[in-house]
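Below you'll find the structure, written out as structure tokens, and then a few comments.
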Amino acid sequence: MSDISRGQHLILFPFSPSSTARSFIFPFLCLSVSRTFILLILSSIMLASFVLSFLPLTLAAPLFGLGSSEATGAPTPMSLSTVNTTLLRPALFARAAYCSSASLSSWSCGAPCDSLAGVTFLQDGGNQGTIPLYFIAHDAEDQSLVVAHEGTDPDNILSLLNDAEFALVDVNTTAIPQAAGKGIKVHDGFQSTFERTADGLLAGVQAQLQATGVKKVVVTGHSLGSYFAAGLRNNTGAALATMTGAMIKGAVDPSVDVVVTTFGLPRGGNEAWANFLDSNIGVTFMTNQNDPVPTVPPLLFGYTHSSGEVHIVDSSQTNIVSCPGHDNEHCVTGNSILHASITNHLGPYF
């Protein structure tokens, strides 16, 4: 595997006009540059509008002690070798989730597929609207199944509308029975979207675990998709990954290791949900500099991140730290909305 310290992997979600021959362009790699640039502008405007809708509360919170973070422990530097071995490959799969179903099924999606050797496509689902795209693959290099969720698609308004439902509701204990009786509440929009993918996705994972004999499942996604990896959807890709991981963990044999690694993850539930993720899964989520998406919905609304944040401090992509506790004030939670950068949400991550 390439060494990120040499600049081999410059991963961006979803598009950056500063791409070079060594850049990874997330997710609209299969679209023309002109159309991609237009979509970037539109998605940035809509994401900015969503974030700025919280501006009055976010600015007022410190005045009333409502925005204080739960953790103040000093972050610890993370070596590039650790980042390379634990985070790079999930990021590559998260990037691939933005490609079309047809190109994924033949594993011919260009650079996203070419960068992942030893991968066999197994199943996909979703309609890129009310049901975001996901795929399941066998990763021979890691001896694992991979579930990757597509992030929010700015070209589909139905996908964007899912992101607007941010009330806290009781977690679905039919899908995640081990969460019962713990006072857990999650993001309404994320959970609704998660429920539309849950049955087919879980059936596919269970069947492929039996067929391949592997004992590891990696769940990943960027933006809303990352939350569904654990079981919800805020910024679809990363948000979905979180709930998905929780569901799979409770449904498979205890000998199967379930790993959830996401990028640009928004908050997806209350403190009870964060504690549940800590004790049952152990989510790793990467945040990039002044990305505003991981800071919404605000703490004021009762939302809390779990432990497991890995924060990119600056644009060098080599100053990366592990942040202890929930919503550590020294990492993305400590950022001011006045310094928010939508482009940081897109990357680069490495």
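The values are calculated or read from the model by the stated rules, or taken from the named source; none is laboratory data. None of these values were measured; they are calculated from a predicted model. Counting neighbours? That spans all protein chains shown, and the Cβs are built from the backbone with ideal geometry, glycine included.
State all residues of the stretch 212-223 that are surrounded by 23 or more Cβ atoms within 10 Å (Cβ to Cβ), closer than 20 Å to residue 142 by Cα and hydroxyl-bearing (Ser, Thr, Tyr); if no residue qualifies, say none. Residue satisfying the conditions is 220 alone. Among the residues of the stretch 168-211, those identified as buried (at least 17 other Cβ atoms within 10 Å of the Cβ), small (Gly, Ala, Ser) and either part of a helix (DSSP H, G or I) or at pLDDT below 95 (or both) are 179, 189, 198, 204. Of the residues making up the stretch 85-94, just one is touching a Phe, Trp or Tyr at 6+ places or on another chain (Cβ under 8 Å) and either closer than 12 Å to residue 135 by Cα or acidic (Asp, Glu) (or both), namely 94.
Under 21 Å from residue 187 (Cα atoms), small (Gly, Ala, Ser) and buried (at least 23 other Cβ atoms within 10 Å of the Cβ), is that true of residue 282? No, not satisfied.
Among strands (runs of 3 or more DSSP E) entirely within the stretch 236-350, having at least 2 residues that are over 23 Å from residue 136 (Cα atoms) singles out 284-288, 309-312, 320-323.
Among what's in the stretch 292-331 and is among the hydroxyl-bearing types (Ser, Thr, Tyr) and buried (at least 23 other Cβ atoms within 10 Å of the Cβ), pick the residue that is nearest to residue 83 (Cα to Cα). Here the residue is 306.
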